[in-house]
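Below: one structure, written as structure tokens.
The values are calculated or read from the model by the stated rules, or taken from the named source; none is laboratory data. None of these values were measured; they are calculated from a predicted model. Quick reminder, even Gly has a Cβ in these numbers, built from the backbone with ideal geometry, and neighbours come from all protein chains shown.
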Amino acid sequence: MLSFCSNKYKILLILSFIAILFPNQLLAGSGNPDDISWLFLIIGLLGGLALFLYGIEKMSEGMKKSAGNHMRSLLAALTKNRLIALFAGAFVTMVIQSSSATTVMLVSFVQAGLMSFVQTLGVILGADIGTTVTAQLIAFKLTDYALLMVAIGFAMRMFGQSTDTRNAGEIILGFGILFYGMKLMSDSMRPLRDFQAVIDLMKGLEHPLPGILAGMLFTAIIQSSSAFTGVVIVMAQQGLITLDAGIPLIFGGNIGTCVTAGLASIGTSREAKRVACAHVIFKVAGVLLFIFWIPEFADLIRNLAVRFESGIARQIANAHTIFNVGIGLVFLPFTGFFATLILKIIPVKEERRDQFKMVTLHLDESCLSTPALAIDLARAEISRMAKLIHRMMRAIIIPFMSDEQWIDKEKVGPVEAELLVQEIPRKDEFFPKLSLMEGIDMREEKIDFLEEKIKDYLIRVSRRELSDDQTVEIYGMMSIIADLESVSDIIHRNMVPLVAKKEALDKDFSLEGKEELMIYHEKVCSQIRLLEQAFAEMDLIKAKQIMETERIYLDLELQYRVKHLERILHEHEEAIKTHEVHVELMDLMKQIVVYSSNIAKIFHDACVPGK
């Protein structure tokens with residue numbers, strides 16, 4: 001098991017093995033501190049916590065595999081309304097078992113430009129609700145059946161025939177490990193029930209401020225509000241804390257979970273910082289809303305407990321749920337107000353980014369553990385590759401179509417000729433400091449850089465446990481980035497040298513030939529633009545449109561080739577002189593049409609499950 005767990009858990013898991021090997025030492029002792037085996041008590045607590053965290057991780061992995069692709073469609077729907085965003089945030093957090101991880105992802109998405117800051121507010125409120133599901137599950141006293149769940153989950157994981165069965169087995173295995181970790185923590189704490197110093201300490205936590213501070217500190221250290229809630233529930237099961245002490249601890253845990261998102265926002269864009277700020281404001285404002293009537297809130301929870309015959313552990317889980325659902329419903333209608341407030345705290349400021357620096361805008365390391373989301377980020381970066389190629393394609397046609405040496409000054413007049421010369425684009429459309437050719441060179445370098453980075457990112461994603469559809473998708477994307485790089489090579493290595501070849505001629509294209517080249521060039525640009533949109537929006541309809549128009553554009557190229565040959569047969573001087581450049585340029589654009597269709601087909605087939 002150690003070889004498959006995260007490095008941060010390995011030391012704690014070793015302690016858990018020691019605790020399992022020496023259960024009697026954990027239970028030894030009474031209320032007398034001299035009789036308590038403090039070493040084994042600490043080992044049991046830390047080891048149990050490690051198993052608890054590892055169980056959450058395993059359960060989360062199984063749920064990601066089962067529901068990961070559904071997260072993708074939910075996140076795509078976030079633009080619709082705040083209520084959908086609330087439910088999407090709750091669902092995603094329930095799957096990945098961490099509101100901090102959800103917020104870190106939101107920081108990544110905003111940084112990458114996949115979402116706006118305002119869109120994230122409803123998701124953040126939903127994420128806080130999603131964490132309560134774990135608390136409700138662990139409030140069930142299932143520790144006696146923990147090893148049975150481990151056995152069942154392990155059997156399903158090892159011997160299951162279908163992917164769904166193996167994923168379900170991983171979820172059950174995670175549950176079993178989680179509850180066994182709770183059992184170790186519970187057994188370790190049992191000797192403390194009669195230890196007066198601990199009893200006095202826990203009574204002190206009934207005062208809101210110490211309880212909130214303790215919850216904040218512990219959650220910030222372990223970076224998991226779900227794990228902290230589990231510890232509080234275990235203490236409640238052992239009778240170490242009351243509901244009045246548990247509520248401030250839960251409040252503190254909710255604030256402490258903001259630390260991870262805050263750390264993730266360091267060094268990111270201002271919009272990403274606003275996401276982390278929103279998380280903190282929602283949590284702190286929610287605690288301030290509840291803190292002044294904790295006794296009344298506790299009475300409400302107890303009244304519900306009487307009706308449903310719930311113990312202290314369940315009451316604490318209910319308090320956690322009601323608190324997060326409450327602030328979600330109360331704050332959701334006011335997300336516009338909170339957005340305005342946060343924009344005042346972190347105002348809009350033009351951020352200067354070095355446009356010539358080789359960087360990835362969408363790839364994020366923190367999303368590697370969630371393959372469905374990591375694949376989406378890689379797709380967004382591929383869309384960026386297509387955008388760069390589109391800009392290269394728009395620029396490359398200009399030197400062929402607008403050359404001042406072919407302006408007939410006698411026909412148009414000297415003044416008009418000078419105006420036409422001034423209108424000829426000599427600079428890059430987006431970076432005026434660069435010439436057209438320098439802009440093409442710069443984008444070619446960026447595309448080579450992105451191909452390498454995306455390929456490396458996808459390889460690391462492929463090392464995770466993936467579904468069959470995700471594996472097909474990743475290998476399809478690797479093929480796509482190779483084809484996109486080939487398209488950029490056609491422009492840079494083949495079309496650019498043709499410019500010099502064309503300028504060396506003493507004739508321009510015929511008017512008919514020019515028109516045909518311009519029309520076909522526009523068709524090629526349209527294909528690349530559709531590719532960019534298909535990747536950005538995961539739009540299979542646009543991909544199909546590219547595939548369907550390939551034959552039309554190939555037939556159009558053939559028609560234009562025949563017309564060009566007819567002009568040569570009729571001894572059209574301009575057509576004869578420019579024949580080689582004309583035919584080669586048209587052929588290169590036809591190759592790009594074929595590449596575009598092939599890319600669209602790979603994308604379409606990889607995104608259709610079971611294809």
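Summary of values
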read-out	value
Close pairs from region 359-377: first among the small types (Gly, Ala, Ser), partner at pLDDT 80 or above and part of a loop (DSSP other than H, G, I, E, B), Cβ under 6 Å, at least 6 apart	Ala374/Leu368
Close pairs from region 45-60: first assigned by TED's automatic domain parsing to the domain that holds Tyr180 and assigned to a helix (DSSP H, G or I), partner of a type in the set (S, T, N, Q) and surrounded by fewer than 24 Cβ atoms within 10 Å (Cβ to Cβ), Cβ under 7 Å, at least 6 apart	Glu57/Ser6
Unique match (being at pLDDT below 85 and either assigned by TED's automatic domain parsing to the domain that holds Asp441 or outside any loop (DSSP other than H, G, I, E, B) (or both)) among Leu420, Leu343, Leu388	Leu420
Subset of region 501-520 (residues that are hydroxyl-bearing (Ser, Thr, Tyr) and either in a loop (DSSP other than H, G, I, E, B) or in contact with a Pro (Cβ under 9 Å, 6 or more places away or on another chain) (or both))	Ser510
Single unsatisfied condition, Arg352 versus (1) surrounded by fewer than 18 Cβ atoms within 10 Å (Cβ to Cβ); (2) at pLDDT 60 or above; (3) not assigned by TED's automatic domain parsing to the domain that holds Phe117	(2)
Residue pairs meeting the criteria (Cβ under 6 Å; at least 6 apart or on separate chains; first surrounded by fewer than 15 Cβ atoms within 10 Å (Cβ to Cβ), in region 154-167; second among the hydrophobic types (A, V, I, L, M, F, W, C))	Thr165/Met156
Matching residues in region 428-446 - criterion: being in a helix (DSSP H, G or I) and without any contact (Cβ under 8 Å) to a residue 60 or more places away in the chain	Leu436, Glu438, Gly439, Ile440, Asp441, Arg443, Glu444
Residue within region 561-568 that is among the β-branched types (Val, Ile, Thr), at pLDDT below 90 and farther than 24 Å from Lys387 by Cβ present	yes
Residue in region 481-496 that is surrounded by fewer than 16 Cβ atoms within 10 Å (Cβ to Cβ), in the same structural domain as Arg394 (by TED's automatic domain parsing), farther than 15 Å from Met385 by Cα and more than 19 Å from the chain's Cα centre (by Cα) present	yes
Residue selected from region 316-343 under the condition in contact with a Phe, Trp or Tyr (Cβ under 8 Å, 6 or more places away or on another chain) and under 15 Å from Val123 (Cβ atoms), by the criterion surrounded by the fewest Cβ atoms within 10 Å (Cβ to Cβ)	Ala339
Residue ID - surrounded by the fewest Cβ atoms within 10 Å (Cβ to Cβ), chosen from residues in region 530-589 that are of a type in the set (S, T, N, Q) and assigned to a helix (DSSP H, G or I)	Gln559
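Let's see how each residue does on (1) within 30 Å of Phe603 (Cα to Cα); (2) of a type in the set (Val, Ile, Thr); (3) not assigned by TED's automatic domain parsing to the domain that holds Ala500:
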{"site": "Ile519", "(1), (2), (3)": "yes, yes, no"}
{"site": "Ala534", "(1), (2), (3)": "yes, no, no"}
{"site": "Gln545", "(1), (2), (3)": "yes, no, no"}
{"site": "Arg561", "(1), (2), (3)": "no, no, no"}
{"site": "Ile568", "(1), (2), (3)": "no, yes, no"}
